[in-house]
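Right, one structure below, let's go through it.
Each value in this text was obtained by applying a stated rule to the coordinates, not by laboratory testing. If you're wondering where the values come from, they're calculated on a predicted model, not measured in any experiment. Note that each Cβ is placed from the backbone with ideal geometry, even for glycine, and that neighbours are counted across all protein chains shown.
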Amino acid sequence: MKNKIKKIIFIFFLSINLQADLIGIPGEIIAIKLNEKINKLHDNDLVINFNGNEYAILPVPYSANDTVIKKGSYSIKVKKKDFGESRITITNPSMVDLSKSDSDRAYKESLLIKKALNTFTTNISPSLNFISPVEGIISSRYGKKRFINDKPRSPHLALDIAASEGTTIIAPSSGRIILVGDFFYSGKYIMLDHGKGLISSYSHMSEILVSIDSIVKKGDILGKVGSTGRVTGPHLHWSVYLNKERINPESLLKRNYLDLLLKASQDSI
């Protein structure tokens, strides 16, 4: 009986894999060609024209690791990926086990960030060919399981770049500043709207050199690296969101990333 059940489960998952139109990686981006099969996904999707065709640029959620998800008429098999783990020690216990006042503050600040993520700018044309926002050494990559003082926490859905205090931070792509704050967890913090649901954020800065609603161009100075908020040392905690899903910032730094993305879409279909 057990062998029969195992066989049924195997056939079920095999049939899902065979039916999947595309393959995705958790935390990455996928391009879906819009055609007679699927001519619309969502009004707010980032759509790019390439060689006479339109492609919807969509995030593959980190939480979809090793599952099959649907995007319009397409099914996407999300590969299983082990991101590894990251363990850090914070010596100030009040930054780990929060008091009620600190917890209330952090919650209110999280609502400000969620509100900013609902920003949807159509008059900015986003680019997926980013440059690095800071010169430094990658100290923690996207997706790692996070343990703080040996206690499990939310996964690290950002890219940490270690650099000396005061190192210049620049805009990796053009956009508009939509949030500026000094937050419990993130310290001196800004969010940059690149258009059509593509947003980036910058945490732990020592100095912010832009203001709310500022329009910045690729390479413009945003501020300086610091160690404000909950940190173990000076670094930039860089997050990138697409449609409110946190994606892997490091991928956007690949040379000709958009071309590679569209080619992968053409090869898959």
Per 5 Å bin, what is the whole-percent P(r) computed from every C-alpha pair distance within region 216-269?
-> 4, 13, 13, 20, 23, 11, 7, 5, 4, 0
At q = 0.15, 0.16, 0.22 Å⁻¹, what is the log10 ratio I(q)/I(0) for region 47-102, with the Debye formula run over Cα points and no solvent?
-> -0.72, -0.75, -0.93
Restricting to the chain, what percent of DSSP beta bridges are antiparallel, rounded to 5?
-> 90 percent
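Taking a 32 Å limit on the Cα-Cα distance, which of the listed pairs 115/145; 71/224; 79/196; 145/217; 144/196 fall beyond it?
On the way: 115/145 26 Å; 71/224 39 Å; 79/196 26 Å; 145/217 34 Å; 144/196 27 Å.
From 115/145; 71/224; 79/196; 145/217; 144/196, over 32 Å: 71/224; 145/217.
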May I ask you to list the aspartates and glutamates whose Cα is less than 12 Å away from that of residue 81, ignoring any residue fewer than eight positions away on the same chain?
-> 28, 66
Sorted by chain and number, the residues with a modelled amide H under 5 Å from that of residue 67, at a separation of 5 or more or across chains, are 78
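Calculated from DSSP H runs of 4 or more alone, at -39500 (n - 2.57) each and per residue, what is the 222 nm mean residue ellipticity of the chain, nearest 500?
Values: 3 runs with 48 residues, N = 269.
When only DSSP H runs of four or more count, the value is -6000 deg cm²/dmol.
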What's the Kirkwood radius of the chain in Å, using all Cα pairs?
-> 20.0 Å
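Neighbour counts of other C-beta atoms within 10 Å: give me 141, 153 arranged from fewest to most. Intermediate values should be presented prior to the final figure.
Working: 141 16, 153 13.
Ranking 141, 153 by Cβ neighbours within 10 Å, fewest first, gives 153, 141.
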Computed FRET value (nearest 0.05) for residue 66 with residue 154, which takes r as the C-beta separation and R₀ as 25 Å = 0.85
In sequence order, what are the phi-derived ³J(HN,Hα) couplings for region 85-99 according to the Karplus relation 6.51 cos²θ - 1.76 cosθ + 1.60 with θ = phi - 60°, rounded to whole Hz, with x for glycine and proline?
-> 9, 10, 10, 10, 10, 10, 6, 8, x, 5, 8, 9, 9, 6, 6
How many angstrom lie between the C-alpha centres of region 126-160 and region 43-112?
-> 12 Å
Which far-off residues, 5 or more places away or on another chain, put their amide H under 5 Å from the one on residue 218, with H placed in the peptide plane?
-> 174
Lys/Arg Cβ at +1, Asp/Glu Cβ at -1, dipole of region 118-269 taken about the Cα centre: which of 227, 184, 247 is farthest positive-ward?
-> 247
Lys and Arg at +1, Asp and Glu at -1: neighbours of residue 251 with Cβ under 14 Å from its Cβ sum to +1
So which residue, out of 34, 98, 128, gets the largest mean-square fluctuation from a GNM of the chain using Cα contacts under 10 Å as springs?
-> 98
